[in-house]
Amino acid sequence: MRLLINDVNIKYCEDTYILLEAPSNYYSFTLQQCRWAYGTISIVRRYFKYFLKSWRNFIVLLYLCQYLAYMTIIPIIIIMYIFCVMGINLNYLTLLIITSFSIFAVTLYVLSMYLTLGKLCLKDLMSINSINMAYILAIPRMAWSLLLGLSGWSFKWIPTPKGVRKYRHGVIIEVIYFSIVLTLQILSIVKMLFTITLLTLPLTLCLGRGLYRLLRGTL
């Protein structure tokens, strides 16, 4: 950040191989991502005015706010609950627009990965799917870290476990998270708000699959 604020040109090189140890399981992954979420939002809060001084700095701001994109799921769930309670159903045109945009975004993402890697096999797609599943499942934990960073409260820094060592933690937060989304799914079916049912179905399936793999120790 200090290099960026002082207008120092930062460059990168391609085709560089770096050996590193990645988080070994979901617990290690959440520790790492919660630390990064706290750190990035703390930087944004502290240096926000500097990010608005130039287009290059603004691009960096967008990169640092990547965790906020996942956090949009929380207000969407709240809005869907309000719609269910009030009996408001979305029209099918809205469903079509959202579905088309989602398919378009996923297609662009996969295409960018293909262009970056030069190839994209089934194993790569499965790895990408597992990472996205872990991100979505860890949203409540990352949301708490973001709130701590925005408020300026202290954060308990725990070294991120790496490599082959296995760590586990309680899954009560993930169970509550899945129960809330599943309840929304059932409520929309009971009230026959089928567009809301279709919109929340991918999230319900993703969380269910992620929680199942987490309980089995394969995530």
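Taken together, the values in this text are just the output of simple stated rules run on the coordinates, not laboratory data. Keep in mind that what you see is a predicted model, and the values were worked out from it rather than measured. Positions of Cβ are backbone-derived with ideal geometry, glycine not excepted, and every protein chain shown enters the neighbour counts.
Distance between the 7 Å Cα→Cβ label points at LYS156 and THR183: 2.6 nm. Annotation: extensible slack from SER24 through TRP55 equals 7.4 nm (criterion: 0.36 nm per residue apart, minus Cα-Cα distance). On full extension, the segment bounded by PHE48 and LEU201 gains 51.4 nm, given 0.36 nm per residue less the C-alpha separation.
The phi-based Karplus calculation (6.51 cos²θ - 1.76 cosθ + 1.60; θ = phi - 60°) puts the 3J(HN,Hα) values of the stretch 176-192 at 5, 4, 5, 5, 5, 5, 5, 4, 4, 4, 5, 4, 5, 6, 4, 8, 6 Hz, whole numbers, x for Gly and Pro. Here the calculated FRET efficiency for ILE173 and ARG209, from their Cβ-Cβ distance with R0 = 22 Å, stands at 0.80, rounded to the nearest 0.05. Straightening the chain between MET126 and CYS65 buys 19.4 nm, computed as 0.36 nm per residue apart minus the Cα-Cα spacing.
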